[in-house]
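To start, the structure under review is shown below, and the notes come after it.
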Amino acid sequence: MHIAIGSMGDLRPQLTLAAALKERGDDVLVVGLEEYADTATEADVPFRGLGAHTIGPIRPAPLGRLVAGSQTAGALLIRRWMARSAEPIARTLLDVVRPGDRIVTGVLGLAASRLLAAQRGCKTFELMLAPTLPTAYGQCLVGAVRPDRSALNLWASTLVRRGSVSMGRPIARAMHRLNTASSATCAPSTSEHVILACSSLLVPQAPDWPETVACTGHLAAASPQWEPPARLQRFLDAGAPPVYIGFGSVPLRDPVGAVAIQAEAARRAKVRAVLHPAAGFQEWDRDFGPHVHLIRDTPFDWLLPRMAAAVHHGGAGTTQAALAAGVPQGIIPYTLDQPYFARRVAALGLGPEALSTRDLTPQRLARVIRRLTAGESADAYRARAAQLAESYHDRGGLTETVEFVHGW
């Protein structure tokens, strides 16, 4: 049983893990937002809709940009959405969760999973994509107050953790109101574990985490069947490896203007570039220069090994995909866990210090690209990226995660 409440970025690791458990012979089911049914079908994973849809208030572009720039605004919108969606989600969970099930969930489903563990003897595994557990160690914590060990880190992260878990409590309260979760069907279980789906090369294990926390590695499904569009392949074949520039699902105020800045920066840095425009970009036929090629969604495990470097927003998935590909990274973080991964990339010698979004001009971006692709700094970044990629591939994140789930 996998409870996927959140974005597509939350869903994909759940599907990857579910598919691996299914291949092992487990009976799996992913329950998630209604829009994700087709994605689950493509992954060949059984799916049940939660009776709730994508967080509606984030769909309009202005509100999306507000959420991207403010963690407080994002949390308030999630709470508003959760209050409205809690009852259909609760009904679905009560219907599909069986006594003794293993439940894998993100933080929004954690309160409900704890209730089901107490009432139906289920085992709960929280799937984390970035380190947000309370700890005193700044190198192991998103949003650390101090970079090293500090009591302030432990205090602040404990408060943030309580707030994050509380966002999912409306589902548990709805389950109580429905009066069908009040009687236990088997001995209560207090078994709860945390899967931190990050490479330990990128996120070190905090000494003060409990033994029920496992940093198992990034959950990424290979895409061996993927074939590139002919235009992309021709572009790659026509010259030196390009630089990838993309900012994931970050909603930008001016997607077209952002592509123009990226194209001009690549021209100034005298490199070719593969650009992945942000959501809302429509000018696919516009000519940004022969040195750039625009792409839609493309599997990173195919694309990034063919790049000279990757410039991105510092999302957990993109950062670890670039780590696996063995390419230098330049990060322009926006919010949430992105500043943390930017710090870790710089600390590991995979790229320079982060470039602030406020400083994102063609000149400054070109400077980052040149540091990644030319001179002694680029040589050092390439060597370090190749070294860590070799170690990365010796650690099977998906295999370790499956073994961890089965080991409890």
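What shape does the stretch 83-129 have by the C-alpha gyration tensor, where a ≥ b ≥ c are the square roots of the eigenvalues, rounded means a/c under 1.5, and otherwise prolate means a/b greater than b/c and oblate the rest? Cα axes put the stretch 83-129 in the oblate bin. Under a Gaussian network description of the chain, with springs only between Cα atoms under 10 Å, the residue in Ala197, Ala112, Ala156 that fluctuates furthest is Ala156. Based on alpha-carbon centroids, what's the gap between the stretch 95-168 and the stretch 280-358 in Å, whole number please? Each part reduced to its Cα centre gives a spacing of 28 Å. Using alpha-carbon positions, what is the distance between the centroids of the stretch 200-229 and the stretch 360-387, in Å? Distance between centres, Cα-based: 25 Å. Computed on the chain, with alpha-carbon pairs under 8 angstrom and 6+ residues apart, the relative contact order is 14 percent. Rounded, prolate or oblate: pick one for the stretch 321-408, where a ≥ b ≥ c are the square roots of the eigenvalues of its C-alpha gyration tensor, a/c under 1.5 means rounded, and failing that, prolate if a/b is larger than b/c, else oblate. Judged from the Cα gyration tensor, the stretch 321-408 comes out oblate (a/c at least 1.5, b/c at or above a/b).
Quarter the surface of the alpha carbon convex hull of the chain and you get the mean projected area, 19.3 square nanometres. Counting only DSSP beta bridges with both residues in the chain, the antiparallel share comes to about 5 percent. Against the longest principal axis of the chain, how steep is helix 8-24, in degrees 0 to 90 to the nearest 10, with axes from Cα atoms? It works out to around 70 degrees. With the cut-off at 1.5 for a/c, could you classify the stretch 100-157 from its C-alpha gyration tensor as rounded, prolate or oblate? Judged from the Cα gyration tensor, the stretch 100-157 comes out prolate (a/c at least 1.5, a/b above b/c). As a proxy for reagent exposure, Trp226, Trp284 were ordered by neighbouring Cβ count within 10 angstrom, fewest first; the result is Trp284, Trp226.
The three principal axes of the C-alpha atoms in the stretch 230-393 carry coordinate ranges of 41, 35, 28 Å, sorted with the longest axis first.
Using just its DSSP H runs of length 4 or more, each adding -39500 (n - 2.57), the chain gives a mean residue ellipticity at 222 nm of -14000 deg cm²/dmol after division by all residues. Taking 7 Å steps out from each Cα toward its Cβ at Glu390 and Ser166 produces label points 5.0 nm apart.
The angle between the Cα long axis of helix 151-166 and the longest principal axis of the Cα atoms of the chain comes to about 60 degrees, rounded to the nearest 10.
Evaluate the relative contact order of the stretch 258-389 (contact order divided by residue number), counting alpha-carbon pairs under 8 angstrom at least 6 apart; express in whole percent. Relative CO of the stretch 258-389 lands at 25 percent.
Rounded to the nearest 10 degrees, the inclination of helix 255-269 to the longest alpha-carbon principal axis of the chain is 40 degrees.
Seen from Asp148, the other residues with C-beta closer than 15 Å to its C-beta sum to a net charge of +3, counting Lys and Arg as +1 and Asp and Glu as -1.
Between Lys22 and His53, residue separation times 0.36 nm minus the direct Cα-Cα distance comes to 8.6 nm. Around Leu50, under 10 Å between beta carbons, what's the net of Lys plus Arg minus Asp minus Glu among the other residues? Neighbour charge sum, excluding Leu50 itself: +1.
What is the local net charge at Leu219, summed over the other residues whose Cβ is closer than 11 Å to its Cβ (Lys, Arg +1; Asp, Glu -1)? Net local charge, Leu219 excluded: 0.
Each reported figure results from applying straightforward, stated rules to the coordinates on display, with no laboratory input. What you see is a predicted model; the values in this text were computed from it and never measured. Using ideal geometry, Cβ is built from the backbone for each residue, glycine included, and neighbour counts are taken over all protein chains shown.
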